[in-house]
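Worksheet for the structure shown next.
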Amino acid sequence: MKKSIIISISGILLISCDQISKSIKDTLKSAPVDSTAYVEREEEAPKSPFDPAVERQIDQAQRLVNTIMEKNHPTHVQHPKEGKNTNFLTNEQKLNKAEEALKKLPQYMGKEIFVYSTISFYDDGRIHLMLQHPKNPEYVDNYDYKDGNWSEPTPEQLSVKDDIKTRLVSLNKIPFSNIARAATIYKEKSSKIEGAEPITNIYISVWKNTLRWYPSSISGSRERYSIELNENGTLKKFENK
């Protein structure tokens, strides 16, 4: 078992974030414990039956997954500016406009929209999200928002092991105006940390039908702080790590 975990961790840098999560779950499939624990460690999760050495390896794997998750959703990359879309993250008016345009897509008119897995917002005016198919609940489509317009849907390839229902949340629970609130908090906190760069990407992960905001940390030249937001984008916790 320990050897299998180490092999899984060694290969973790060669695959995407979603593949990383699936790899860890598949590697530990035979263990008598809920495999989702290796992707998201819940605060109230039951005690693991593994011995301490194995638990340490699992925790190390989880930390590595979280690190790569944030690297694949870069928060400090300066994207090319697109004029009118500058400072999109804190512009509530433009965020609301994007949300209204999404709700007016012909395929979703009069229907409740469900976001799947993640939704990413960029300060240059872009948004990327996945939505449950409007007619077939077993399907998921990708959508991109750029230059004030939503793209046509492109299919997302899912595994039979993906539990779609637990990765869904109603768009009503994610008003885009909350992004402006969260971005303001990130901006305020990072401005007080020496050497911290501006946050240019915020994304929300959906896990067990609840929302988690990223980035979950802000690094400066001398210090690193963990930051946690409530589901509505207000500050929950901010502390030196």
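The values are calculated or read from the model by the stated rules, or taken from the named source; none is laboratory data. This structure is a prediction, so every number in the text was calculated from the model and none was measured. We place every Cβ from the backbone using ideal geometry, glycine too, and count neighbours over all the protein chains shown.
Looking at the range 181-238, which of its residues are over 25 Å from ASP163 (Cα atoms) and among the β-branched types (Val, Ile, Thr)?
Residues satisfying the conditions are THR184, ILE185, ILE193, ILE199, THR200, ILE218, ILE227, THR234.
Is there any pair with a first residue in the range 203-231 that is in contact (Cβ under 8 Å) with a residue 40 or more places away in the chain and under 21 Å from THR90 (Cβ atoms) and a second that is in a loop (DSSP other than H, G, I, E, B) and not acidic (Asp, Glu) whose Cβ atoms are under 6 Å apart and which are 6 or more apart or on different chains, and what are they?
Listed pairs, sorted by first residue: TYR203/HIS73; PRO215/THR75.
Regarding ASN178, is this residue outside any loop (DSSP other than H, G, I, E, B), surrounded by fewer than 16 Cβ atoms within 10 Å (Cβ to Cβ) and in contact (Cβ under 8 Å) with a residue 12 or more places away in the chain?
Against the criterion (outside any loop (DSSP other than H, G, I, E, B), surrounded by fewer than 16 Cβ atoms within 10 Å (Cβ to Cβ) and in contact (Cβ under 8 Å) with a residue 12 or more places away in the chain), ASN178 does not qualify.
Give the residue, chosen from GLU231, GLU152, GLU197, GLU188, that is modelled with pLDDT under 95 and outside any strand (DSSP E or B).
Going through GLU231, GLU152, GLU197, GLU188 in turn, the sole match is GLU197.
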